[in-house]
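Working notes for the structure below.
Nothing in this text is a laboratory measurement; each read-out follows from the coordinates by a stated rule. Model, not experiment: these values are computed from the prediction. A quick note on method: Cβ atoms are made from the backbone with ideal geometry, for glycine too, and the neighbour counts reach across all protein chains shown.
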Amino acid sequence: MDRAGFEALVQAYGDSLYRTALWMCGDPQQAEDLVQETLLRAWRGLGRLRDERAVRGWLITILRREHARRLPRRLPAAALDPDQLTAAAPEPATTLSIRAALAALPGAQREVLVLQLVWGFSCAEIGDLLGASPTAVGTRLFRARAALREAMAHKKGGLG
């Protein structure tokens, strides 16, 4: 892959990488730093990418490793300002509520949901990324969805 190909890759995945990094660390500045370091490492390691169809998983793996390297054992922020999670265009209140509830989930639950919902990974692919079986990933997703539903119901009831 040449420079133009890498720039296309950045255009295609940059926003998703940032949103994922923000969900991981809970801080916009740290998220930007994580994405920049991820892309720098990807550029340096471009020669080792054998299958360009695997670029999505490769990038998320680099991001996860960089996050672990920088913030070992640090839990993400318990809650994020929903405005930080939105794109430039305003979103419906329901979407903001879902994003806020997702941001409030524990890191492990949020991570599997982000990998599936934002990145579109299958349980098997998430398992490969996390070093877990597809069954374990399915269980994590089930629990994460249940926690998200509970948080949304709690919020809808006027208690959030």
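Here r is the Cβ-Cβ distance between His154 and Trp43 and R0 is 45 Å; the resulting FRET efficiency, rounded to 0.05, is 0.55.
Summing +1 for each Lys or Arg and -1 for each Asp or Glu among the other residues whose beta-carbon sits under 13 angstrom from that of Leu141 gives +3. Computed over neighbours whose Cβ is under 13 Å from that of Gln109, the net charge equals +3, Lys and Arg +1, Asp and Glu -1.
Test of understanding: ordering Tyr18, Tyr13 by Cβ neighbours within 10 Å, fewest first, what list do you get? Each step should come with its number before you reach the end.
Details: Tyr18 18, Tyr13 21.
So the ranking, lowest neighbour count to highest, is Tyr18, Tyr13.
Summing charges over neighbours of Ala12, with a neighbour being any other residue whose Cβ is under 14 Å away from its Cβ, gives 0 when K and R count +1 and D and E count -1.
Maximal additional length on extending the Ser133-Arg50 stretch stands at 27.5 nm, based on 0.36 nm per residue less the C-alpha distance. Residues within the reach of a label modelled at Arg69 (point 7 angstrom out along Cα to beta-carbon, backbone nitrogen below 19 Å), restricted to the range 118-136, are 129-131.
Eigen-decomposition of the gyration tensor built on the alpha-carbon atoms of the range 1-76 gives equivalent ellipsoid semi-axes of 22, 12, 10 angstrom, largest listed first.
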